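Participant: Quick one: the structure is below, and I'll ask about it shortly.
The values are calculated or read from the model by the stated rules, or taken from the named source; none is laboratory data. Since the model is a prediction, treat every value here as computed from it, not as a measurement. Ideal geometry is used to build each Cβ from the backbone, glycine not excepted, and the neighbour counts take in all protein chains shown.
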Amino acid sequence: MKSKLEYQILEYLGFQASTGATALWRLPEGVLARGLAFTDTAGLTLHLLAKLKKQADFTKLPASIQERLERNFRDNSARTNAAVQEFIQFNRLLQAQGIRYLNLKGLVLYPDFVDFPENRFQYDHDFLIGQEDLPRAYDLFLGLGYSPLSSSGKLAVGHLPTLIKRTGWIWKGDIYDPAIPRAIELHFQLWEPDFDLIPIRSLDKVWQDASLASFQSLSVPVLSREHTLLYCALHCFRHLLRNDLRLSHLYELAFFLEHHPSDEDFWKQFLASIAHCRWSLRGMATMFELACQVFTVSPAQRIQQFIDDHLSPAGDLWIRQYGKRESIHCYRRSKLTIFLHLDFVPDPSLRWAVIRQKIIPTHFPWPSFGVQVSPEEQGLRFRMLKGLHYGRQLLQRFCFHFTSLIKLLVQLPEWYFRLQRHMKETRVKIPSREGQKA
């Protein structure tokens with residue numbers, strides 16, 4: 001079976017015990033190294049390390065694999081410590097300037113979504129900024145030595161152009177490198193309805209419901225707990241639809257579902273906060289079910305009932321047919337998420353817009369090589385390497401779009417046939433799974 005190793009790793013990482021889980025330490029050293037290449041890409045390596053230690057399986061691994069994992073953890077711990085210091089500095093500066101803001105993702109996800117901050121990748125700091133304060137916040141970080149990635153402003157990402165420090169750091173193939181500079185993203189909205197064409201409106205009250213969290217004796221503004229879960233799930237959903245969901249984000253969602261099953265008051269408030277938006281209900285049910293399937297979570301009865309009530313037949317079939325298989329490649333090997341996306345866009349004209357958007361690229365990939373190096377420091381050799389790297393990026397994107405289009409055309413009739421049969425077999429009417437009308 002293709003990707004058998006990746007399936008074995010996901011099964012081992014699952015939150016529910018499985019008698020058939022593979023004894024990973026019995027795999028050959030070379031196979032384990034290939035498995036870690038997968039978990040690196042997926043952002044799951046340090047979660048795997050934590051599970052191996054928890055299960056007392058770590059010392060059974062080959063010495064080279066143990067050494068590699070321990071080095072990765074040490075490096076990421078150093079990165080996390082540096083991120084903590086930056087986090088405190090940025091919060092103090094924003095508060096001193098009287099800028100209205102909220103912290104998003106990152107360090108504030110502990111302890112609800114991760115067991116330890118050191119097990120989580122963090123490559124940037126995200127802030128939601130009040131519209132009236134966006135220019136001042138932008139100027140604040142420019143004054144700290146950050147500069148924009150000009151092309152990032154062309155993407156529908158809900159934030160201003162990403163800000164980075166041009167420290168001269170160059171990618172050396174190590175994603176755990178403590179020296180990787182962290183970027184800044186200043187968000188002005190949490191969902192992009194004009195791009196994804198799904199009118200989700202359940203994040204409209206994030207400012208009114210915001211709360212304060214204590215972080216190392218510093219009080220910092222954050223989303224409410226209900227909105228944090230909603231935003232994390234929608235963040236996963238958005239990246240899933242755009243074919244670039246990192247599995248670690250889905251793991252964090254599964255972690256929350258596994259570790260907070262009996263908080264009745266929370267779930268009551270959370271479900272009430274999204275009850276007015278049928279697209280939020282369907283989106284949450286889809287992402288909850290996908291997280292549960294990929295990482296083997298047995299949700300609480302209330303959540304399982306919510307999934308059963310609001311997961312559409314198309315969403316159910318897509319997860320069964322493609323969910324775990326596509327997740328192994330972090331959804332980057334095909335465009336089959338278009339089948340799921342179209343289930344959220346009932347208007348025929350907008351459906352065609354989604355199809356055109358998925359099939360025809362609207363922008364070139366922005367160069368990623370050496371973006372931390374200022375133009376003045378870029379010599380001839382550097383520029384040649386940069387050109388070769390970008391050429392490879394373009395070739396890879398062309399191959400992806402070409403092969404995924406062929407795969408999409410082949411899978412389309414099969415998907416339509418399977419969906420019609422699935423709807424008949426389940427005997428579930430679509431309106432009954434949509435919940436209340438928006």
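Participant: Restricting attention to the stretch 413-427, report how many residues are part of a helix (DSSP H, G or I) and without any contact (Cβ under 8 Å) to a residue 40 or more places away in the chain.
Facilitator: Of the residues in that region, 8 qualify.
Participant: Could you look through the stretch 190-204, keep only residues that are free of Cβ contacts under 8 Å to residues at least 40 places away in the same chain and part of a loop (DSSP other than H, G, I, E, B), and pick out the one that is nearest to Arg79 (Cα to Cα)?
Facilitator: Ranking the candidates gives Leu203 first.
Participant: Taking into account only those residues within the stretch 119-151 that are modelled with pLDDT of 95 or more, of a type in the set (Asp, Glu) and in contact with a Lys or Arg (Cβ under 9 Å, 6 or more places away or on another chain), which is surrounded by the fewest Cβ atoms within 10 Å (Cβ to Cβ)?
Facilitator: Taking the candidates together, the pick is Glu132.
Participant: Same structure again: Condition (residue is without any contact (Cβ under 8 Å) to a residue 40 or more places away in the chain, surrounded by fewer than 22 Cβ atoms within 10 Å (Cβ to Cβ), more than 28 Å from Arg120 (Cβ to Cβ) and of a type in the set (A, V, I, L, M)) applied to the stretch 274-292: is it met by at least one residue?
Facilitator: no
Participant: Pull up the stretch 71-101, narrow it to residues that are under 27 Å from the mean Cα position of the chain (by Cα) and without any contact (Cβ under 8 Å) to a residue 12 or more places away in the chain, then point me to the one that is farthest from Asp40 (Cα to Cα).
Facilitator: Gln89
Participant: Among the residues of the stretch 331-373, what is the count of those that are over 20 Å from Trp318 (Cα atoms), of a type outside the set (S, T, N, Q) and modelled with pLDDT under 80?
Facilitator: The number of residues fulfilling the criteria is 11.
Participant: On to the next question. Filter the stretch 401-438 down to the residues that are modelled with pLDDT under 75, surrounded by fewer than 15 Cβ atoms within 10 Å (Cβ to Cβ), within 17 Å of Gly315 (Cβ to Cβ) and basic (Lys, Arg) and list them by number.
Facilitator: Matches in the stretch 401-438: Arg427, Lys429.
Participant: Within the stretch 78-100, does at least one residue satisfy the condition of being among the hydroxyl-bearing types (Ser, Thr, Tyr) and touching a strand residue (DSSP E or B) at 6+ places or on another chain (Cβ under 7 Å)?
Facilitator: no
Participant: Among the strands (runs of 3 or more DSSP E) contained in the stretch 102-188, which hold 1 or more residues that are in contact (Cβ under 8 Å) with a residue 40 or more places away in the chain and either within 26 Å of Cys236 (Cα to Cα) or aromatic (Phe, Trp, Tyr) (or both)?
Facilitator: Strands (runs of 3 or more DSSP E) meeting the threshold: 124-129, 163-165, 183-187.
Participant: Hey, any hits in the stretch 14-27 for a residue that's among the hydrophobic types (A, V, I, L, M, F, W, C), within 26 Å of Ile180 (Cβ to Cβ) and assigned to a helix (DSSP H, G or I)?
Facilitator: No, the stretch 14-27 contains no residue that is among the hydrophobic types (A, V, I, L, M, F, W, C), within 26 Å of Ile180 (Cβ to Cβ) and assigned to a helix (DSSP H, G or I).
Participant: Now for a separate question. Got a number for residues in the stretch 213-248 being of a type in the set (S, T, N, Q) and modelled with pLDDT under 95?
Facilitator: Total meeting the criteria: 4.
Participant: Then there's this: Only one of these conditions is not met by Tyr176: (1) at pLDDT 90 or above; (2) touching a Phe, Trp or Tyr at 6+ places or on another chain (Cβ under 6 Å). Which number is it?
Facilitator: So the condition that Tyr176 fails would be (2).
Participant: Please state which of the following conditions Lys154 fails to meet, knowing it meets all the rest: (1) at pLDDT 90 or above; (2) surrounded by fewer than 13 Cβ atoms within 10 Å (Cβ to Cβ).
Facilitator: All conditions pass for Lys154, except number (1).
Participant: Among what's in the stretch 78-131 and is in contact with a helix residue (DSSP H, G or I) (Cβ under 9 Å, 6 or more places away or on another chain) and of a type in the set (Val, Ile, Thr), pick the residue that is nearest to Ala254 (Cα to Cα).
Facilitator: Val114
Participant: Applying the selection to the stretch 188-212, what residues are modelled with pLDDT of 95 or more and among the small types (Gly, Ala, Ser)?
Facilitator: Ala210, Ser211
Participant: Give the residues of the stretch 212-232 that are outside any strand (DSSP E or B) and on the phi < 0 side of the Ramachandran plot, sorted by residue number.
Facilitator: Leu223, Ser224, Arg225, Glu226, His227, Thr228, Leu229, Leu230, Tyr231, Cys232, listed by residue number.
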